[in-house]
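J.: What follows is a single structure, and I will ask about it in a moment.
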Amino acid sequence: MKKDGRNPAVAPLFPRFLLLCALIALRATVAHDSIQRTTILSNNEETDTVNIIEISNRRGSMSKARVYTDVNVLRPKEYWDYESLTVQWGDQDDYEVVRKVGRGKYSEVFEGINVNSNERCVIKILKPVKKKKIKREIKILQNLCGGPNVVKLLDIVRDQHSKTPSLIFEYVNSTDFKVLYPTLTDYDIRYYIYELLKALDYCHSQGIMHRDVKPHNVMIDHELRKLRLIDWGLAEFYHPGKEYNVRVASRYFKGPELLVDLQDYDYSLDMWSLGCMFAGMIFRKEPFFYGHDNHDQLVKIAKVLGTDELNAYLNKYHLELDPQLDALVGRHSRKPWSKFINSDNQHLVSPEALDFLDKLLRYDHQDRLTAREAMAHPYFSQVRAAESSRMRTQ
């Protein structure tokens, strides 16, 4: 350790020549992505190809959230007006990179260290995107700071020369879900889904939709039994009646509303994504709905939930599928959840687990359990009892 307290084995956050290389690479990646986006369907975002869904009578399809409808209506404009945010920049030299831990469409993620406190952190270096999007993520993270199981934003810094921004987060020593999930017990799944519901109910109560709930964005430190919901880059403020972009969430976790182009969706989108995650965990089938593109994703859902229910949903919200997509979807009867039980997963599947799942994976977003309702489901009775007992002994 040097006299100034820095670890010589740890590389500085942005050596100038490395930074230049990194920026060139990042911009090249973004440029390449933007070219490809016009020709293919990616896992995470819809393309700009021709939309084959027709919408009729949009005004007649008005939909509003069942809960927390007016949170942002009742709060001052400064709470949700992220475009007016003035970012308070911290000192980049307070942090050093240790190792790369991941990358996403919009960022590169590193394990880092705070050189002043010697505490580990996560450094999320943002790729070149619109300032508006960066401000939205920062504003949402600031609004949610301290909420249950929401990852904590510790600092916001940027390189003096390139102006590349980085977000500094608390460190979570998580295990890859592909390794962790197959080892989880019935009680573990109940416990972690309950912890995730705490984060979702909190963000919804604060007028915010996450819009990208999936295993990759749920960090679990199994040793400490700690869960954090991360990556708020696609999160958005909910305003009743507002029409939103349907090109959000990752394909396997996209709600039917996104796949049929219903734009006035709400917090219930997150509950569908949670349902997909939960189904994958209890049936040990990841991902549960395995579509090859966005149209096939709707086909995979219809083969489980049935097409009669899909048509009832479309009729209720005055939506109509293009004949081409309608032909792709075909006609399917509803498949009972019990059909997915086998010798490998039967110890994780109980009648209350299937009832809980059934109340999440509903075409009609207004019929899904809210996060708060979900927490009260009998599936979590053991978890609630253990939590009450812990609180009494503290």
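J.: If we scan the range 196-210, do we find a residue that is surrounded by fewer than 21 Cβ atoms within 10 Å (Cβ to Cβ), touching a helix residue (DSSP H, G or I) at 6+ places or on another chain (Cβ under 8 Å) and without any contact (Cβ under 8 Å) to a residue 60 or more places away in the chain? Steps first, answer last, please.
T.: Step one: list which residues in the range 196-210 are surrounded by fewer than 21 Cβ atoms within 10 Å (Cβ to Cβ), which gives 198, 202, 205-206.
From what is left, the residues that are touching a helix residue (DSSP H, G or I) at 6+ places or on another chain (Cβ under 8 Å) are 198, 202, 205-206.
Filter once more, keeping what is without any contact (Cβ under 8 Å) to a residue 60 or more places away in the chain: 202.
Yes, there is a match, as at least one residue in the range 196-210 is surrounded by fewer than 21 Cβ atoms within 10 Å (Cβ to Cβ), touching a helix residue (DSSP H, G or I) at 6+ places or on another chain (Cβ under 8 Å) and without any contact (Cβ under 8 Å) to a residue 60 or more places away in the chain.
J.: If the requirement is being among the charged types (D, E, K, R) and within 21 Å of residue 196 (Cβ to Cβ), which of these qualifies: 251, 247?
T.: After applying the criteria, what remains is 251.
J.: Among 333, 273, 350, 338, which is the only one that is under 19 Å from the mean Cα position of the chain (by Cα), of a type in the set (Ser, Thr, Tyr) and either surrounded by 14 or more Cβ atoms within 10 Å (Cβ to Cβ) or on the phi < 0 side of the Ramachandran plot (or both)? Lay out the reasoning, then the answer.
T.: Details: 333 fails: under 19 Å from the mean Cα position of the chain (by Cα); 350 fails: under 19 Å from the mean Cα position of the chain (by Cα); 338 fails: under 19 Å from the mean Cα position of the chain (by Cα).
273 is the lone residue from the list that is under 19 Å from the mean Cα position of the chain (by Cα), of a type in the set (Ser, Thr, Tyr) and either surrounded by 14 or more Cβ atoms within 10 Å (Cβ to Cβ) or on the phi < 0 side of the Ramachandran plot (or both).
J.: Please work out which residue is surrounded by the most Cβ atoms within 10 Å (Cβ to Cβ), limiting yourself to the range 103-123 and to residues that are more than 16 Å from the chain's Cα centre (by Cα) and under 18 Å from residue 217 (Cα atoms). Let's see the steps before the verdict.
T.: Filtering the range 103-123 for residues more than 16 Å from the chain's Cα centre (by Cα) gives 108-123.
Filter once more, keeping what is under 18 Å from residue 217 (Cα atoms): 108-111, 121-123.
Details: 108: 20, 109: 18, 110: 22, 111: 16, 121: 22, 122: 20, 123: 26.
In this case the residue turns out to be 123.
J.: Something else about it: Restricting the search to the range 160-188, which residues are closer than 17 Å to residue 223 by Cβ and among the hydrophobic types (A, V, I, L, M, F, W, C)?
T.: Result: 172, 177, 179, 180, 184.
Computed from the coordinates by the stated procedures, all read-outs in this text should not be read as laboratory data. Since this is a predicted model, take the numbers as computed values, not measurements. Counting neighbours? That spans all protein chains shown, and the Cβs are built from the backbone with ideal geometry, glycine included.
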